[in-house]
């Protein structure tokens, strides 16, 4: 009987609630929803490599990649085709591509032009979850972070399919980082699901009592940055939503130095 109730409990949290969905088209290409930042303090870059060339030789053939940009509300801004030479890495200045007229943050995806036969032969998809880097206040070094999950698919007809899973029940994601009291934080959340999501960012003391609470209604493909400045040591963050995994992108600023990582 105990096993039965445990199985029932797990079903309530897992049935038809995957972390990410599989694209409905065989040769669709997949990307994360990366966060871009553009302001007098922030610049964004992306490390682009020829991923199809890792699976099949394409010597002398330029690979094509489509970049698609959205604003913080998930509204389409622009798309840009980029050509890269086989087996090379290009650093793209994302801030210059998106420009300064669309707010200070948003999301973008990177779709390679095709899936190599050796990949789709196994029912797999080429997914771009590479590295974004950020520069804060013209620092000589940039901070890097990799993609989070399969978020968006570009179909053969060029339409987009959101892949992020959402839950029937409310969920909590516990940030895997205790806040440092002499730092300022900005926690970036994206919505890779097909529906708007209510996201709550709760700050808790070491004893579990609530100290701060912020919330936002986040549109599909959109992003939001929760700003948190802890007053005490050992504070922690809990993200409440119906996303299967509301794992934030953490920007930490301490003594004018910046770091970025997944929480």
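In region 124-142, is there at least one residue being surrounded by 13 or more Cβ atoms within 10 Å (Cβ to Cβ), under 25 Å from residue 22 (Cα atoms) and over 20 Å from the mean Cα position of the chain (by Cα)?
The answer is yes, given that some residue of region 124-142 is surrounded by 13 or more Cβ atoms within 10 Å (Cβ to Cβ), under 25 Å from residue 22 (Cα atoms) and over 20 Å from the mean Cα position of the chain (by Cα).
From 190, 152, which residue is outside the structural domain of residue 257 (by TED's automatic domain parsing), closer than 17 Å to residue 19 by Cβ, modelled with pLDDT of 95 or more and surrounded by 21 or more Cβ atoms within 10 Å (Cβ to Cβ)? Talk me through it step by step, then tell me what you get.
Values: 190 fails: outside the structural domain of residue 257 (by TED's automatic domain parsing).
Checking each option against the conditions leaves just 152.
May I ask you to list the residues in region 219-255 that are in contact (Cβ under 8 Å) with a residue 60 or more places away in the chain, assigned to a loop (DSSP other than H, G, I, E, B) and touching a strand residue (DSSP E or B) at 6+ places or on another chain (Cβ under 8 Å)?
Residues satisfying the conditions are 220, 221, 222, 244, 245, 246, 247, 248.
Against the condition on the phi < 0 side of the Ramachandran plot and buried (at least 20 other Cβ atoms within 10 Å of the Cβ), how does residue 177 come out, does it pass? Show your work before the answer.
Working: on the phi < 0 side of the Ramachandran plot: yes; buried (at least 20 other Cβ atoms within 10 Å of the Cβ): no.
When the stated conditions are applied, residue 177 does not pass them.
Considering every residue within region 3-18, establish whether at least one is modelled with pLDDT of 90 or more and exposed (fewer than 15 other Cβ atoms within 10 Å of the Cβ). It would help to see each step written out before you state the result.
Within region 3-18, the subset modelled with pLDDT of 90 or more is none.
For region 3-18, residues modelled with pLDDT of 90 or more and exposed (fewer than 15 other Cβ atoms within 10 Å of the Cβ): absent.
Any idea which residue in region 58-80 is modelled with the highest pLDDT, counting only those that are farther than 21 Å from residue 127 by Cβ and more than 18 Å from the chain's Cα centre (by Cα)?
Looking at residues that are farther than 21 Å from residue 127 by Cβ and more than 18 Å from the chain's Cα centre (by Cα), I get 78.
Across region 91-102, what is the total count of residues that are under 17 Å from residue 73 (Cβ atoms) and surrounded by 17 or more Cβ atoms within 10 Å (Cβ to Cβ)?
2
What about residue 205, is it under 18 Å from the mean Cα position of the chain (by Cα) and closer than 28 Å to residue 231 by Cβ?
Values: under 18 Å from the mean Cα position of the chain (by Cα): no; closer than 28 Å to residue 231 by Cβ: yes.
Answer is no for this residue.
Return the residues of region 200-213 that are within 15 Å of residue 250 (Cβ to Cβ) and modelled with pLDDT of 95 or more; say none if nothing qualifies.
Going residue by residue through region 200-213, those that are within 15 Å of residue 250 (Cβ to Cβ) are 201, 203.
Within region 200-213, 201 is the sole residue that qualifies.
If you take just the strands (runs of 3 or more DSSP E) that sit entirely in region 21-139, which of them hold at least 1 residues that are touching a residue at least 60 places away in the same chain (Cβ under 8 Å) and touching a strand residue (DSSP E or B) at 6+ places or on another chain (Cβ under 7 Å)? Spell out how you get there, then give the answer.
Values: elements: 29-31, 34-37, 42-49, 63-71, 76-84, 89-93, 105-112, 131-136.
Hits in region 21-139: 29-31, 34-37, 42-49, 63-71, 105-112, 131-136.
What residue, of 257, 227, 221, is modelled with pLDDT under 95, more than 18 Å from residue 171 (Cα to Cα) and either surrounded by 16 or more Cβ atoms within 10 Å (Cβ to Cβ) or more than 14 Å from the chain's Cα centre (by Cα) (or both)?
Numbers: 227 fails: modelled with pLDDT under 95; 221 fails: modelled with pLDDT under 95.
So the residue among 257, 227, 221 that is modelled with pLDDT under 95, more than 18 Å from residue 171 (Cα to Cα) and either surrounded by 16 or more Cβ atoms within 10 Å (Cβ to Cβ) or more than 14 Å from the chain's Cα centre (by Cα) (or both) is 257.
Of the numbered conditions (1) surrounded by fewer than 19 Cβ atoms within 10 Å (Cβ to Cβ); (2) in contact with a strand residue (DSSP E or B) (Cβ under 6 Å, 6 or more places away or on another chain); (3) at pLDDT 95 or above, residue 183 fails exactly one; give the number of that condition.
Of everything listed in (1) surrounded by fewer than 19 Cβ atoms within 10 Å (Cβ to Cβ); (2) in contact with a strand residue (DSSP E or B) (Cβ under 6 Å, 6 or more places away or on another chain); (3) at pLDDT 95 or above, residue 183 misses just condition (3).
The values are calculated or read from the model by the stated rules, or taken from the named source; none is laboratory data. These numbers were taken from a predicted model, which means no experiment stands behind them. Quick reminder, even Gly has a Cβ in these numbers, built from the backbone with ideal geometry, and neighbours come from all protein chains shown.
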